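Chemist: Okay, handing you the structure first.
The values are calculated or read from the model by the stated rules, or taken from the named source; none is laboratory data. Quantities reported herein were computed from a predicted structural model and do not represent experimental measurements. Because the Cβ atoms are built from the backbone with ideal geometry, glycine has one as well, and the counts that use them run over all protein chains shown. Please note that ligands, DNA and RNA were not included when accessible areas were found on the heavy atoms of the full protein model with its side chains. Shrake-Rupley method; radii C 1.70, N 1.55, O 1.52, S 1.80 Å.
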Amino acid sequence: MQNKAKFRKDYKKPNFIVSDIFLDVQLDPQKTVVTATSQYERVNPETTELRLDGHSFQFSSLKFNNQPFHSYQQDDSGLTLDLKGIDATKFSLEIVTILTPAANTSLQGLYQSGEGICTQCEAEGFRQITYMLDRPDVLARYTTKITADKQKYPYLLSNGNKVASGDLEDGRHWVEWQDPFPKPCYLFALVAGDFDVLQDSFTTKSGRNVALELFVDRGNLDRADWAMQSLKRAMKWDEERFGLEYDLDIYMIVAVDFFNMGAMENKGLNIFNSKFVLANPQTATDEDYIAIESVIAHEYFHNWTGNRITCRDWFQLSLKEGLTVFRDQEFTADLWSRAGKRIEDVRFLRANQFAEDASPMSHPIRPEKVIEMNNFYTLTVYEKGAEVIRMMHTLLGEELFQKGMQLYVAEQDGKAATCDDFVSAMQRASGIDLSQFRYWYSQSGTPELTVTDSYDEEQRRYTLTIAQLTPVTTDQMEKVNLHIPVKVALYDQQGHAVAAETVLSLTQNEQTFAFDDIATKPVPALLCDFSAPVKLQYAYSTKQMIHLLRYAENHFVRWDVAQMLFAQVLRHNVTQYHQGKEFEFPAEILSEFYQLIEHYQQESELTALILTLPKATEFAELFKTIDPDAISAVRDFMQQTLAEQLKPALLKAYNSINLNQYEVTAEHIALRAMRNLCLNYLAYTSVGNTLVQKHYEYANNMTDTLAALAAATKSQVPCAEVLLADFEAKWQHDGLVMDKWFALQATRPEADVLENVQKLMDHPSFNFNNPNRVRSLIGVFANQNLKAFHNLDGRGYRFLTDILIRLNESNPQVAARLIEPLIRFSRYDGQRQTLMKRALERLNQVENLSADLFEKIEKALGR
Ligand code: TRP
Ligand code: ZN
């Protein structure tokens, strides 16, 4: 059944559609009986065969128009009905299946999470519940009747509106739900359990009242407020910025502990990883608060971009994901800080999506070939997909972009659309030609721009020459020129902008752009706001970079040149390392940073962002071949040098910030970030131990507590052990909070960190079946602990392989995400490559290798 590739070019309309489904679910963790009664219609009169998707359940019976039906063939991925000689223009099918949610560790389909039961159907989980045309272009109306034990499962939820309910004599009860909006089955959801409920309401701009309900595990009501407030902010913002209003009378969100991803936008009934719902000052950091708000918003925004307008096929995934990520990014930018949000997103994209695009998994935002769809919920489809939408926004401007959105919604509402439909609406609404721009959907890889310039004093003319090149990727040998918006500005020697920000449209292989009336040779600010997801090469001198760091009006530009300064120091010292020479840190950069800290009060958020030393994994992306030891050594040196050289300014800034009350406001968050940045460096100085201990002791919120704990473990100050033990004792009963502790343990600099990680898998708070635990301990070790994971003794690779062999059985979707660092072997030296390939070969021998792992291993080993 597995491992068969599907191609985008092979898309065909369905031969049959389903107009209505009635699901009767007799729920029990050990034995659930699902009776699905569906109304089918044949839309291709030529067909005499109906192929239905389905697996991983016990098939009990099938009726055709209420009569037992036996003319079918069952295999391990579905059912084929032979309809020859039967009137099959319109008919009903009644299918009975039997499931065991308690035994379903894959967390797809119907499964048990803690004491409750829930579903996850995207992308292809519905077929683990019953036989169905499991494809996003089959839209049906759902009615769902759930029956279960009333005491264990007082709440029985599904999509849409509650239309009836009742009690049975045997202690069970039932609820019936009806969703008036036709939807693909991946948006179906069902939840049963006992919860605390936070209730609220929202009045839409047209005056309709919407009931809002947030379901959390009992005892967690004191962590539910922020998520509810976030939902209301998202609903309001979508009305104001996009003119989009909610359409049902009820919106429900359920938080569950066992979840493969972040959250899921099921119509009217979102299901969330509890990590993206639960927050109070004691348990969540500032970062958690912002992340929760953005995921709540993301899922809400899907109601239009995803649900009302869905995808024709899964190759079009970026149609809903790229657009919805763009929308949630804009939401956060509007509510908090535009520059701060952009900086965080670009930092993330460069470190992670660029790496993916340089890996064996490289694919366009609209993939051409898929074996396991779950493998394509990627940073490329989501984050680069959002960049592609953002570039259209840059080219069109807000007004024309919104015009395009309106046309898109008007044309596609209620339908399953394609990426081309979206671009076409943008083009027609704006009158801007996007024909070359479309290649962003079909071309993979990170384009590289090389910029050179010249200045003609006599003519007072400055010219920029920009060349583009997209290096070949594993999936695509031929590359074309893209339409790339390059936002630039020019600064004179006094630091004044002599050319305000303008967007240059690069469409050719190489193009020259002239600026007239320029009195002296300027310093160019290039790719302002990261106007395109590309790498940019320009031979900046240190002086020029410092000039922009000082004078650029655009905060993003200032952050970006600081990144270049860090990169320059790193590169230089990696060379020194390889030549056995001493490390160096230019004094002019240090003194510039010193000044920044001295004046942090002008821009505390930006200062903290600028001075955050990139992680080793971020630094690694600067190199074609990564040397984990050199990078780690140089980064340690940079950390230590910055700490010592900036110490007086850091101490002064640290002591100047006093926040008594904890508030989640932009101002407080920025000040905490600045104070914790100082602490993080100061931990490496003589005052480190005392300062960190005091910070931990006086912390009245998780942001400060975790900052102290992180600083302590990373700098290895003597109090580290005591603080770790204190935190553990306090939080061991709370898995979500312990995830922070596990992640810190996994990135400890001690030589025995791997043994420690292995030991921690027996910790009472650890649970191998909970993806959050696996990711925070094992995932963080493999992805963030560059030095230890890539230790030349090969133990890191062997450890991960052992884990993957187990996960292949229990949860292949999580396994396939965890394997990523291992398939990227070509970025390392020969010795490490050999070890990594050996690990992959061993994995490849495993019996019953999942399609998820198979697809990635096959790509990596190049077969
Ligand atoms: N569509 C969801 C989102 O972007 C993510 C998602 C896709 C998902 N597949 C999933 C979530 C599987 C959980 C499990 O918000
Ligand atoms: Zn999404």
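Chemist: Looking at (1) closer than 23 Å to Ala816 by Cβ; (2) more than 21 Å from the chain's Cα centre (by Cα), can you tell me which one Asp752 breaks?
Modeler: Single failed check for Asp752: (1).
Chemist: Within region 657-665, is even one residue assigned to a helix (DSSP H, G or I) and of a type outside the set (D, E, K, R)?
Modeler: No, region 657-665 has no match at all.
Chemist: Continuing with the same structure: Out of (1) open to solvent by less than 10 Å² (accessible area, probe 1.4 Å); (2) more than 19 Å from Thr612 (Cα to Cα), what's the single condition that is false for Ala683?
Modeler: Failing condition for Ala683: (2).
Chemist: Still on this structure: Of all residues in region 33-76, which are β-branched (Val, Ile, Thr) and outside any strand (DSSP E or B)?
Modeler: Passing the criteria: Val43, Thr47, Thr48.
Chemist: Could you grab me the full set of residues in region 305-314 that are away from ligand 2 (no atom under 11 Å from the Cβ) and either of a type in the set (S, T, N, Q) or crowded, with 24+ Cβ neighbours inside 10 Å (or both)?
Modeler: Within region 305-314, Thr310 is the sole residue that qualifies.
Chemist: Suppose the filter is within 16 Å of ligand 2 (Cβ to nearest atom), touching a strand residue (DSSP E or B) at 6+ places or on another chain (Cβ under 8 Å), closer than 30 Å to Lys152 by Cα and at pLDDT 95 or above; does Glu115 pass it?
Modeler: It is false that Glu115 is within 16 Å of ligand 2 (Cβ to nearest atom), touching a strand residue (DSSP E or B) at 6+ places or on another chain (Cβ under 8 Å), closer than 30 Å to Lys152 by Cα and at pLDDT 95 or above.
Chemist: Taking the stated definitions as given, is Lys652 surrounded by fewer than 17 Cβ atoms within 10 Å (Cβ to Cβ) and not polar (S, T, N, Q)?
Modeler: yes
Chemist: Show the residue pairs meeting these rules: Cβ distance below 6 Å; 6+ apart or different chains; first residue within region 392-413 and among the charged types (D, E, K, R); second residue assigned to a helix (DSSP H, G or I).
Modeler: Lys403/Ala429
Chemist: Restricting to region 257-282, and then to whatever is open to solvent by 10 Å² or more (accessible area, probe 1.4 Å) and either free of Cβ contacts under 8 Å to residues at least 60 places away in the same chain or β-branched (Val, Ile, Thr) (or both), can you tell me which residue is farthest from ligand 2 (Cβ to nearest atom)?
Modeler: In this case the residue turns out to be Asn280.
Chemist: From the residues in region 283-304 that are within 13 Å of ligand 2 (Cβ to nearest atom) and of a type in the set (Ser, Thr, Tyr), which one is nearest to the chain's Cα centre (by Cα)?
Modeler: By that ranking, first place goes to Ser294.
Chemist: List every residue pair whose Cβ atoms sit under 9 Å apart, with the two residues 6 or more apart in sequence or on different chains, where the first one lies in region 713-741 and is touching a residue at least 60 places away in the same chain (Cβ under 8 Å) and the second, anywhere, is among the charged types (D, E, K, R) and open to solvent by 70 Å² or more (accessible area, probe 1.4 Å).
Modeler: Filtered contacts from region 713-741: Leu736/Lys275; Val737/Lys730; Asp739/Lys275; Asp739/Arg775.
Chemist: Report yes if some residue within region 87-96 is touching a Gly at 6+ places or on another chain (Cβ under 7 Å) and assigned to a strand (DSSP E or B); otherwise report no. I'd like the intermediate steps shown before the answer.
Modeler: Of all residues in region 87-96, those touching a Gly at 6+ places or on another chain (Cβ under 7 Å) come to none.
No, the conditions are met nowhere in region 87-96.
Chemist: Condition check: more than 16 Å from ligand 2 (Cβ to nearest atom), modelled with pLDDT of 95 or more and on the phi < 0 side of the Ramachandran plot. Does Val388 satisfy that? First the steps, then the outcome.
Modeler: Values: more than 16 Å from ligand 2 (Cβ to nearest atom): no; modelled with pLDDT of 95 or more: yes; on the phi < 0 side of the Ramachandran plot: yes.
No.
Chemist: Does Arg327 satisfy being open to solvent by 10 Å² or more (accessible area, probe 1.4 Å), more than 11 Å from ligand 1 (Cβ to nearest atom) and either modelled with pLDDT of 95 or more or more than 27 Å from Asn159 (Cα to Cα) (or both)? So that I can check it myself, show each step before the final result.
Modeler: Working: open to solvent by 10 Å² or more (accessible area, probe 1.4 Å): no; more than 11 Å from ligand 1 (Cβ to nearest atom): yes; either modelled with pLDDT of 95 or more or more than 27 Å from Asn159 (Cα to Cα) (or both): yes.
It is false that Arg327 is open to solvent by 10 Å² or more (accessible area, probe 1.4 Å), more than 11 Å from ligand 1 (Cβ to nearest atom) and either modelled with pLDDT of 95 or more or more than 27 Å from Asn159 (Cα to Cα) (or both).
Chemist: Considering only residues of region 82-115 that are more than 16 Å from ligand 1 (Cβ to nearest atom) and within 30 Å of Asp217 (Cβ to Cβ), which is surrounded by the most Cβ atoms within 10 Å (Cβ to Cβ)?
Modeler: My answer is Leu99.
Chemist: Another question, if that's okay. Would you say Asp517 is under 22 Å from Ala351 (Cα atoms), acidic (Asp, Glu) and modelled with pLDDT of 95 or more? Show your work before the answer.
Modeler: Values: under 22 Å from Ala351 (Cα atoms): no; acidic (Asp, Glu): yes; modelled with pLDDT of 95 or more: yes.
No: the conditions fail for Asp517.
Chemist: Can we say Asp629 is in contact with a Lys or Arg (Cβ under 7 Å, 6 or more places away or on another chain), surrounded by fewer than 17 Cβ atoms within 10 Å (Cβ to Cβ) and at negative phi?
Modeler: Yes.
Matching residues to (1) farther than 27 Å from Trp314 by Cα; (2) of a type in the set (Gly, Ala, Ser):
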position: Lys13; (1), (2): no, no
position: Leu27; (1), (2): yes, no
position: Ser38; (1), (2): no, yes
position: Pro68; (1), (2): yes, no
position: Asp76; (1), (2): no, no
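Chemist: Consider Val254 against the criteria (1) touching a Leu at 6+ places or on another chain (Cβ under 8 Å); (2) open to solvent by less than 30 Å² (accessible area, probe 1.4 Å); (3) under 24 Å from Pro182 (Cα atoms); (4) more than 15 Å from ligand 1 (Cβ to nearest atom): it satisfies all of them except one. Which criterion is unmet?
Modeler: (4)
Chemist: Let me confirm something: among Val409, Val423, Val472, which residue is of a type outside the set (Gly, Ala, Ser) and in contact with a strand residue (DSSP E or B) (Cβ under 8 Å, 6 or more places away or on another chain)?
Modeler: It is Val409.
Chemist: Only one of (1) under 15 Å from the mean Cα position of the chain (by Cα); (2) free of Cβ contacts under 8 Å to residues at least 24 places away in the same chain is not met by Leu317, so which one is it?
Modeler: Result: Leu317 fails condition (2) only.
Chemist: Please work out if Ala725 is closer than 17 Å to Thr285 by Cβ and open to solvent by 10 Å² or more (accessible area, probe 1.4 Å).
Modeler: Answer is no for this residue.
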